[in-house]
Amino acid sequence: MTIHTRSANRADHRLQTPETFVRAALPGMRQATAIVHASPAGGARFVQYTAEFEAGGALGACGDQRFVYVLDGSLTVGGARLGAGDFAYVAAGADTTVAADAACRATVIEKPYEALGSPRPPAFTGRESQIVPTHLADDPWLEVRSLIPDDRAFDFRVNTMTFLPGAALPAIEIHVMEHGLLMLEGGGIYRLGSEWYPVAAGDFIWMDRYCPQWFGAIGKQPAKYLIYKDWDRYPR
């Protein structure tokens with residue numbers, strides 16, 4: 001029995017650690033379960049969950065746009081086969097199948113689309129390892145890979161950020177963007193609001209708008225996370 005946890009749930013942020021995860025199937029899922037990390041029920045304006053597939057598993061239909069990043073195993077999204085580190089964007093309203101023929105895990109982000117007058121963005125797939133990294137604030141110890149094109153047709157962005165040991169964000173940030181963050185590798189210290197949390201691979205963090213936030217990597221291996229933010233729309 002586990003009676004200690006690093007998890008915390010505050011008005012402007014949530015740290016969810018693996019020992020507190022609860023699994024349940026979402027409507028339409030087949031031979032799969034979800035660990036729901038963020039949703040409107042908890043204050044978020046998007047939905048993010050880890051989907052765990054058995055062989056033959058599939059997600060249910062979704063009327064919103066959907067982003068899928070494969071954590072391990074392989075998935076088929078539409079006609080494209082994706083392995084670990086691959087990702088897919090599915091446009092709102094598309095009848096696109098997301099299915100696994102063997103055990104697999106993926107993080108899934110779903111969000112209602114906010115039109116801006118331009119044509120809606122098309123579906124696409126990609127491979128994180130093929131994305132050319134940039135350096136945040138010209139810091140060579142902090143790599144950013146942008147998984148969503150820099151195109152105003154998209155109303156959100158998803159990046160991976162990799163910190164060499166000892167690297168850190170250059171400042172405490174307070175901004176209008178909302179975040180969903182999944183730790184992929186390594187660990188460090190996260191400041192959320194006025195509190196400080198040790199974080200490690202497998203943890204999830206939700207950050208509301210204007211939540212003070214900062215991260216620094218500690219340990220002997222790089223720290224890496226996948227981060228969502230709403231983007232390129234008028235704040236409301």
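Couple of notes before you dig in:
- Residues satisfying the stated conditions in region 166-188, i.e. surrounded by fewer than 15 Cβ atoms within 10 Å (Cβ to Cβ) and over 22 Å from residue 12 (Cα atoms): 166
- Within region 148-164, the residues that satisfy the criterion of being out of contact with any Asp or Glu (no Cβ under 6 Å at 6 or more places or on another chain) and exposed (fewer than 15 other Cβ atoms within 10 Å of the Cβ) are 149, 150, 151.
- Considering only residues in region 194-236 that are assigned to a loop (DSSP other than H, G, I, E, B) and of a type in the set (Gly, Ala, Ser), the one that is farthest from residue 7 (Cα to Cα) turns out to be 219.
- Tally, over region 62-102, of residues that are more than 14 Å from residue 158 (Cβ to Cβ), out of contact with any Cys (no Cβ under 7 Å at 6 or more places or on another chain) and among the hydrophobic types (A, V, I, L, M, F, W, C): 12
A quick yes/no check of all residues on (1) touching a Leu at 6+ places or on another chain (Cβ under 8 Å); (2) surrounded by 15 or more Cβ atoms within 10 Å (Cβ to Cβ):
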| residue | (1), (2) |
| --- | --- |
| 32 | yes, yes |
| 54 | no, no |
| 62 | no, yes |
| 69 | yes, yes |
| 74 | yes, yes |
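- Test: residue 31 is in contact with a His (Cβ under 6 Å, 6 or more places away or on another chain) and not in a loop (DSSP other than H, G, I, E, B): no
- Of all the residues in region 84-98, those that are open to solvent by 10 Å² or more (accessible area, probe 1.4 Å) and in contact (Cβ under 8 Å) with a residue 40 or more places away in the chain number 1.
- Close pairs (9 angstrom Cβ cut-off, 6 or more residues apart or separate chains): in contact (Cβ under 8 Å) with a residue 60 or more places away in the chain and over 27 Å from residue 198 (Cα atoms) in region 144-173, among the β-branched types (Val, Ile, Thr) and loosely packed, with under 15 Cβ neighbours inside 10 Å anywhere: none
- Residues that are hydrophobic (A, V, I, L, M, F, W, C) and within 22 Å of the chain's Cα centre (by Cα) were ranked within region 116-136; the one that is most open to solvent (accessible area, probe 1.4 Å) is 132.
- Considering residues of region 1-20 that are part of a loop (DSSP other than H, G, I, E, B) and touching a residue at least 24 places away in the same chain (Cβ under 8 Å) only, the residue surrounded by the most Cβ atoms within 10 Å (Cβ to Cβ): 17
- Test: residue in region 201-212 that is open to solvent by less than 20 Å² (accessible area, probe 1.4 Å), of a type in the set (Ser, Thr, Tyr) and at pLDDT 95 or above: no
- Selection status of residue 81, touching a strand residue (DSSP E or B) at 6+ places or on another chain (Cβ under 8 Å) and touching a residue at least 24 places away in the same chain (Cβ under 8 Å): no
- Flag if residue 223 is among the hydrophobic types (A, V, I, L, M, F, W, C), over 30 Å from residue 62 (Cα atoms), under 16 Å from the mean Cα position of the chain (by Cα) and surrounded by fewer than 17 Cβ atoms within 10 Å (Cβ to Cβ): no
The values are calculated or read from the model by the stated rules, or taken from the named source; none is laboratory data. Please read these numbers as outputs of a predicted model, since none were measured by experiment. Cβ sites come from the backbone with ideal geometry, for glycine too, and all protein chains shown count toward neighbours. All accessible areas refer to the heavy atoms of the entire protein, side chains included, with ligands and DNA or RNA removed. Shrake-Rupley method; radii C 1.70, N 1.55, O 1.52, S 1.80 Å.
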